[in-house]
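Q: Dropping the structure in here first, questions after.
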Amino acid sequence: MKRWSWLAMIVFLTVLTGCSLPKLSLFPETGPLKEVTLEGTGEEKILVVNIDGPISDQPKDKLLRTEPGMVQELVTHLQKAAKDPQIKALLVKVNSPGGTITASDILYHEISAYKKRSGAKVVVAMMDVAASGGYYLSLPADWIMAHPTTITGSVGVIFMRPGVSGFMDKYGFTMTINKSGKQKDMGSPFRAPTEEDDAIFQQLIDQMAARFYGLVQKHRQLTPEQMEKVKTARIFMADEAKAIGLVDDIGYLKDAVAKAKTLAGLRADAKVVTYRRQESAEDNIYNPAMSSGPGGGLEANLPTLTRFLDIPEAGFYYMWPAAMGGQ
């Protein structure tokens, strides 16, 4: 018993400190993507992909395994879809508070590029939350449908970083830093930001936000009054989001499927398909998994504590932070 207690303590300390353990092989590698029919019998198809959780290009760490990151999986799905001329529409289910700026922008770019080269119609179906980066990646859609209880908006940028300088001062800890320029350690958690630091950070944030605003205006063509309300970075319920022009309609997943069929000129019996790496019992369009069925996963290592708990690292985000706790 004592031996197992020591082993448990070593594992806990490893997770806490971020050290790596040798990779484990408790779960077999997942196989290639396979098409699964969710409904319909026709030849032409609507492909369903899911954007679920915080947006990142990092692998998803589980307790004893890792899974491919969101960006990697979406690109893999779209590459496979591009080889199938029967896919006439893409239905993107979004349930995300947003995430890193670059990952959000990559998803936006990949969906736009797929739409352009395939000629497929794109419909977004928003679920619980499609905020900030979750809204950003939705912009290329031909039609955005919010669920009646969707929260969306939060159009803007947030820069989050921890600060421990007050704690260090209180308990007598110090951090010695040698640097080549006065701003080299700006954003460091070990010192308070200066006014000059804050001005530089705000300039970066404003530039990143301007890109977001420009894309909203390009795709949604809002009035100046609507745009000013959007720029407050507040969140909206579905009905207000529709009134302000952020979404096109309010409905359920079945309504989004019907709209995709209409936009793509498909028959009522068109297939609704998705890609899975493993089969999932009694699968349907409400399954939020991107590709893996129960038990799916890749070769694994234990995550750091912050990544295991989904605590954002320091950085610039298209994100609504208040929604992170529910993801």
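Q: If we count other beta carbons within 10 Å of each Cβ, what is the order of Val123, Val129, Val273, fewest first?
A: On the way: Val123 29, Val129 26, Val273 21.
Fewest-to-most ranking of Val123, Val129, Val273: Val273, Val129, Val123.
Q: Kindly state, to the nearest 0.05, the FRET efficiency for Ala243 paired with Asp198, given R0 = 35 Å and r defined as their beta-carbon distance.
A: Details: r = 36 Å, r/R0 = 1.01.
Efficiency, from the Cβ-Cβ distance: 0.50.
Q: Compute the length gained on full extension between Arg267 and Phe190: take 0.36 nm times their separation in residues and subtract their Cα-Cα distance, giving the result in nm to one decimal.
A: On the way: separation 77, 0.36 × 77 = 27.72 nm, distance 6.13 nm.
Roughly 21.6 nm would be gained on extension.
Q: How would Ser154, Ser56 line up from fewest to most surrounding beta-carbon atoms within 10 angstrom?
A: Values: Ser154 28, Ser56 21.
Lowest to highest Cβ neighbour count: Ser56, Ser154.
Q: Could you pull out the trypsin sites (Lys or Arg not before Pro) across the range 39-112 that fall in loop regions by DSSP (anything but H, G, I, E, B) with no more than 12 other Cβ atoms inside 10 Å? Walk me through the numbers before you get to the answer.
A: On the way: sites: Lys45, Lys60, Lys62, Arg65, Lys80, Lys83, Lys88, Lys93; in loops: Lys62, Arg65, Lys83.
Answer by residue number: Lys83.
Q: If I take R0 = 51 Å and measure r between the Cβ atoms of Lys34 and Gln207 in this structure, what FRET efficiency does the formula 1/(1 + (r/R0)^6) give, to the nearest 0.05?
A: Values: r = 43 Å, r/R0 = 0.84.
It comes to 0.75.
Q: Could you give me the ³J(HN,Hα) list for the range 170-176, computed from phi with Karplus coefficients 6.51, -1.76, 1.60 and θ = phi - 60°, whole Hz, x at Gly and Pro?
A: 5, 9, x, 7, 9, 10, 8
Q: State, as an integer percentage, the relative contact order of the range 123-173 based on alpha-carbon contacts under 8 Å between residues 6 or more apart. Intermediate results must be reported in sequence, preceding the final value.
A: Details: 51 pairs, mean separation 20.5, N = 51.
Contact order relative to length: 40 percent.
Q: First obtain the Kirkwood hydrodynamic radius of the range 135-186 from its Cα pairs, then insert it into the Stokes-Einstein equation at 20 °C and 1.002 mPa s, and state the resulting D in µm² per second as a whole number. Write out the running numbers ahead of the final one.
A: Values: Rh = 16.3 Å.
Approximately 132 µm²/s, per Stokes-Einstein.
Q: Based on the mean of other Cβ atoms within 10 Å per residue, sort peptides 228-240, 180-192 so the most packed one is first. Before the final figure, lay out each step's value.
A: Values: 228-240: 16.5, 180-192: 12.9.
Ranking, from highest mean packing down: 228-240, 180-192.
Q: Check which residues have an amide H placed less than 5 Å from Asn287's amide H, if you skip close sequence neighbours.
A: none
Q: Translational diffusion coefficient, Stokes-Einstein: compute it for the range 136-286 using the Kirkwood radius over C-alpha pairs as Rh, at 37 °C and 0.692 mPa s, and state it as an integer in µm² s⁻¹.
A: The diffusion coefficient I find is 165 µm²/s.
Computed from the coordinates by the stated procedures, all read-outs in this text should not be read as laboratory data. These numbers were taken from a predicted model, which means no experiment stands behind them. Here the Cβ is made from the backbone with ideal geometry for all residues, glycine too, and neighbour counts use every protein chain on show.
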